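The values are calculated or read from the model by the stated rules, or taken from the named source; none is laboratory data. Just so you know, these numbers come straight off a predicted model, no measurement behind them. Virtual Cβ from ideal backbone geometry, glycine too; neighbours counted across all protein chains shown. For accessibility, only protein heavy atoms count, side chains too; no ligands or nucleic acids. Shrake-Rupley method; radii C 1.70, N 1.55, O 1.52, S 1.80 Å.
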Amino acid sequence: MSFHQKILKATSSYQNTGFQPEKIDYKPAYRRAISSNDHYTIPEEVLPVSTPKISDNNISISIPESTIPINHHDIKSGQQRFRWNLLFNLLVWIICPLPLWLPFVSNELAIYILPSIQCIFVIIWLIISLLAGRNAFILYRHRYDDYSALLTTEESNKIQHLVVISCYKEPLELIKRSVDTLAAQTEVSRITMVISFEERTPDVHLKCQTLETYYAQTGFRKLIFTIHPYGLVNEIPGKCSNANYALRTAVEQLKLNETNGDHILITTCDADSQFHRQYIAALTYQYIKANFPALTTIYQPPLFYNWNLDGLSFFTRITGILRSTLMLGALIPFSINTMSIFSFSLSLAKAGNFVHPAYQMDDIICLIRWMGVTGHRLSIQMVLTPVLSGPTCGRTIEYEFMEWARQARRWTIGAAEVFHYFMWSL
């Protein structure tokens, strides 16, 4: 068996049974446990003969020395003496333990306020459950739709896609499994695939070269690799700065600054995302039928956290189901915020100055920032094909709680940062 065949086989046989302890900056770090047998792979022997090969001039690797502008507007320093995120943290610490301290303030007040809050939460969860059930039924009803067949050739030719996947220290096999699902898209010839690494990623150039060889014959319109430099001014390490650099690099290399941004759709995703093979076609179909809502709509696929979910612990199964329910019943119907994987037009990205590199959570900051730029509320529309996302889990229940603590800390800091940005922008 050749070396290339071994690489391909590794993708289809990858089974990460749990978090593997590593030493990063003398602190234990844990990789997300991902295990699934139902995913798209691209074995070398089954590639169709007619599959177009990406020529060498359609594959590019942008090294850290690239002079890509990081932010074409100055990032304001904001108010340094008073941070609005401190107020956010104060509110969290006051409201969350409310049932514990309110009775000590006034029993009579607690008798009326606490049951009222409970009733409100019951009503909210009832509405969320009904809306989630409705959206789940919509997905079920459209499960066999062939969106490629619903599009005319003229309509398909109007839209090009830019898919950006941000990577850091994820295993190469995990990245392949995610990109495999994009290479298996029915509209793969309309996808420019951007794989963005960090400068501090171990063996980053070797990974780029391996992926370049692996995906050279999968039919992508163009394959771009970027390596985000470490320590740039006005940035913090994370997906925001990584995606911002990748998008700006791709736009410059493809010379898209002068093109009609309404006809280019961008999708950002994580390294543990598995797309339905009709995702790009469904996104194109919905975007065209909605008459190109470039500056008014962001598209969000429902995220299901069921990578081998039946083999995971009770705690992981419950949190995975609850997260999907909240997305189907709250985040999407009420256009609250996007989550991890979402799509938008290049026009909206350029109008919103791409992704703010000084924040952590790209999904929330993009929505808030772009609403400020456009001057109106952005609508979040559900893409009619789900995406599988790796659940937050661990090898044991103890590791799961540790991972959830890390996630909760990241989400809390990210939400506080966005709250500060929102209040400061008023």
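Using only C-alpha atoms and all pairs of different ones, pull out the Kirkwood radius for the range 313-398 in Å with one decimal.
Radius from the Kirkwood sum: 14.7 Å.
Protein chains only, probe 1.4 Å: how do 248, 143 rank by accessible area, largest first?
143, 248
Roughly how many Å is it from the Cα centre of the range 166-227 to that of the range 249-313, as a whole number?
That distance is 16 Å.
Using a Förster distance of 30 angstrom, determine the FRET efficiency expected from the C-beta separation of residue 213 and residue 252, and round it to 0.05.
Working from the Cβ atoms, E equals 0.75.
For the range 202-323, which whole percent of the accessible surface, found with a 1.4 angstrom probe, sits on carbon and sulfur atoms?
Percent of accessible area from carbon and sulfur atoms in the range 202-323: 54.
Using only the heavy atoms of the protein chains and a 1.4 Å probe, how would 93, 101, 370 rank by accessible area, largest first?
Largest to smallest exposure gives the sequence 93, 101, 370.
In Å, the Kirkwood hydrodynamic radius of the range 255-395 over pairs of distinct alpha carbons?
It is 15.9 Å.
Would you grab the residues whose amide H sits under 5 Å from the one on residue 219? Only those 5+ places off in sequence or on another chain, please, with H modelled 1.01 Å from N.
The list, which skips near neighbours in sequence, is 54.
Could you compute how much accessible surface residue 342 exposes when probed at 1.4 Å, giving the result in Å² to the nearest 10?
Estimated to the nearest 10 Å², residue 342 gives 0 Å².
With a ≥ b ≥ c taken as the square roots of the eigenvalues of the C-alpha gyration tensor of the range 329-368, please select rounded if a/c is under 1.5 and otherwise prolate if a/b is larger than b/c or oblate if it is not?
Taking the square roots of the gyration eigenvalues as a ≥ b ≥ c, the range 329-368 is oblate.
Going from the alpha-carbon gyration tensor of the range 132-264, what semi-axes, largest first and in whole Å, does one get by taking the root of 5 times each eigenvalue?
Ellipsoid semi-axes (Å, largest first): 29, 19, 17.
Give me the accessible area of residue 314, 1.4 Å probe, in Å² rounded to the nearest 10.
Its heavy atoms expose roughly 140 Å² to the probe.
Mind checking the full-extension length gain between residue 123 and residue 154? Use 0.36 nm per residue of separation minus the Cα-Cα distance, one decimal, nm.
6.5 nm
Under the Karplus relation 6.51 cos²θ - 1.76 cosθ + 1.60, θ = phi - 60°, what is the ordered set of whole-Hz ³J(HN,Hα) values for the range 398-403, x standing for Gly and Pro?
Coupling constants for the range 398-403: 5, 5, 5, 5, 5, 5 Hz.
How much net charge surrounds residue 330 when only other residues with a Cβ under 15 Å from its Cβ are counted (Lys, Arg +1; Asp, Glu -1)?
Every neighbour counted, the sum reads +1.
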